[in-house]
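**Q** My questions all concern the structure below.
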There are 2 protein chains.
Amino acid sequence: MVTWFGRRPQRNEAPRLSARGALQPTEKVDISSLAPGVQHFLGQAAYCELGEFESLARAVATAPNLAVKEGLSAAAGRTLSKHHGLITEIRRRGHDPATEMAPFVASLDEFRRNTSGADWHELLLSCYLAGGLLEDFFIRLSDGLPRDIGPRVAQLLGENSGTDVLVHELQTAIENDVELGSRLAMWGRRLVGDTLLVARSAMPATDPGTDSTAGPGAAAEARIEPVFTELIAAHTRRMDGLGLTA
Amino acid sequence: MVTWFGRRPQRNEAPRLSARGALQPTEKVDISSLAPGVQHFLGQAAYCELGEFESLARAVATAPNLAVKEGLSAAAGRTLSKHHGLITEIRRRGHDPATEMAPFVASLDEFRRNTSGADWHELLLSCYLAGGLLEDFFIRLSDGLPRDIGPRVAQLLGENSGTDVLVHELQTAIENDVELGSRLAMWGRRLVGDTLLVARSAMPATDPGTDSTAGPGAAAEARIEPVFTELIAAHTRRMDGLGLTA
């Protein structure tokens, strides 16, 4: 049984496989062998959090009242802290944050543009659903990082994101406006596709694997699939919690 | 000699005068008697910092490159921390942040709109000059707050705002573009007027004072004037530092 939320216990018996290492068929989804290098991970996760911060800051600026603005500003602050925590990790390893984030700018900026939404509620839903999915994903992926950094990053990303205010605002709006609810349900369904593509791009593009009958990449895909099933399940729970049909 | 930057030493011999208390003519500018009540101060300063954060977040979102974006995000984070520090003070006193900030929303939002600038460099200059002036001002004003809160607020507001990146970006742009420099000089001159009006609104609107020959308010104005002279001097130093004529 794979637990998605929270950290898996550290297991010494699960050696990290190289990208081209022999695939050990197992019931347990081991993401370690699918994890990118540390620098790739940190750069992409850091730029993801920065983008999430920018979206939240835009939600702050356009909030309909002061109490919500205040709550969102706290969420923006928490997201920015996670970003800066990842930046600190990049610097600690002697690298330049801008250089490390640069490879991910074009695709993640396009993702933000595509998921910025037509109004404040769509923006809020994007922040909640895409932010939640990607945070879950990077926490999961951090399992495959070296032990001197993986657990620290998982703890950082797992800290409370202050999204209660987003959930509350969305729930209230959906309860009071059936039409908005069905529009947001459609928006949520569209978001998950775009967001999963971002997550997919954090993993190896192809992996020849060892299963010659299934062709190149099939082995990696087979290992990735359960992870995405988990991500989608968590997404569905978020949608349900808002009263939206996933 | 009044020192504007940094805290004046706490002096027990300077009793806080009520707004209508007898004016003690003195060489030393004592802002204590001009300070608003604690709740007024905290609400206005907190919303000021939130507005400054929103401006910086917009500068982050529109930054021309990743290194600058990263530096600005740190400045935005520091400003947001100050805002949340003031929110904590409001909550500590048993008040609701939204209620306390509400009276200042209309005027400060208009101020932000008027000073948002026509492009990224004007926005940056606004963040630096208006943010700096108002922060100086609230630090100065905090001298008049009760001792169980004034020094703590002054320390909070006096923390490094991370504006080095703004100065560096503006200096570089001004050095490389004479036309931009003269446009920004004009913008800086316009900013200071709008910003001083915000500062003025944090002080008592009128004060009958004790000088009957000069008419109502004259005594208060006489005490306020030196404070504004200091604010303008600090503003001029900031302009000079950028290579702009104030």
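The values are calculated or read from the model by the stated rules, or taken from the named source; none is laboratory data. Computed from a predicted model, the values in this text were never measured in an experiment. A quick note on method: Cβ atoms are made from the backbone with ideal geometry, for glycine too, and the neighbour counts reach across all protein chains shown. These accessible areas exclude ligands, DNA and RNA; they are computed on the full protein's heavy atoms, side chains included. Shrake-Rupley method; radii C 1.70, N 1.55, O 1.52, S 1.80 Å.
**Q** May I ask you to work out the translational diffusion coefficient for the stretch B:88-246 at 37 °C, viscosity 0.692 mPa s, via Stokes-Einstein with Rh from the Kirkwood sum over Cα pairs, reported in whole µm²/s?
**A** 188
**Q** A further question on this structure: On average, how many beta carbons from a partner chain sit within 10 Å of the beta carbon of a residue in B:70-77?
**A** Details: counts 10, 2, 0, 10, 4, 0, 6, 7.
The shielding value for this peptide is 5.
**Q** Measuring label to label, 7 Å along Cα→Cβ, what does A:Ala102 give against each other copy in nm, shortest first?
**A** List, nearest first: 5.1 nm.
**Q** Axis carrying A onto B: which residue of A has the nearest Cβ, and how far, whole Å?
**A** A:Ala57, 2
**Q** A further question on this structure: How high is the relative contact order of the stretch A:35-242, given as a whole-number percent (alpha carbon pairs under 8 Å, six or more residues apart)? Mind showing how you got there, number by number?
**A** Details: 217 pairs, mean separation 50.4, N = 208.
Answer for the stretch A:35-242 is 24 percent.
**Q** In the stretch B:35-242, what percent of the accessible surface is made up of carbon and sulfur (1.4 Å probe, ligands and nucleic acids excluded)? It would help to have the intermediate numbers written out before the result.
**A** Details: 4490 of 8270 Å².
Answer for the stretch B:35-242 is 54 percent, counting heavy atoms of protein chains only.
**Q** How far is B:Ala222 from the same spot in each other copy, in nm, shortest first, if each label point sits 7 Å from Cα toward Cβ?
**A** Here the equivalent label points are 9.1 nm apart from this one.
**Q** Let me ask something else. With the other protein chains left in place, how much accessible area per residue, in square angstrom, belongs to the stretch B:35-242 at a 1.4 angstrom probe?
**A** 40
**Q** Note the buried accessible area between A and B here, summed over both chains, with a 1.4 Å probe, in Å² to the nearest 100. Let's see the in-between values first.
**A** Details: alone 11830 and 11830 Å², together 21970 Å².
In total, chains A and B hide about 1700 Å² from solvent.
**Q** Right, next: What does the structure give for A:223-231 when I average, per residue, the other chain Cβ atoms found within 10 Å of the residue Cβ? Mind showing how you got there, number by number?
**A** On the way: counts 0, 0, 0, 0, 0, 0, 0, 0, 0.
Mean partner-chain Cβ count within 10 Å for A:223-231: 0.
**Q** Inter-copy label distances at A:Arg190, 7 Å along the Cα→beta-carbon direction, one decimal in nm, shortest first?
**A** Here the equivalent label points are 3.7 nm apart from this one.
**Q** Other chains near A:101-114: what is the mean number of their Cβ atoms within 10 Å of each residue's Cβ?
**A** If you average over the peptide's residues, the count of other-chain Cβ atoms is 1.
**Q** How many nm separate the modelled label positions at B:Ile149 and A:Ala222, each set 7 Å beyond the Cα in the direction of the Cβ?
**A** Label at B:Ile149, label at A:Ala222, 6.6 nm between them.
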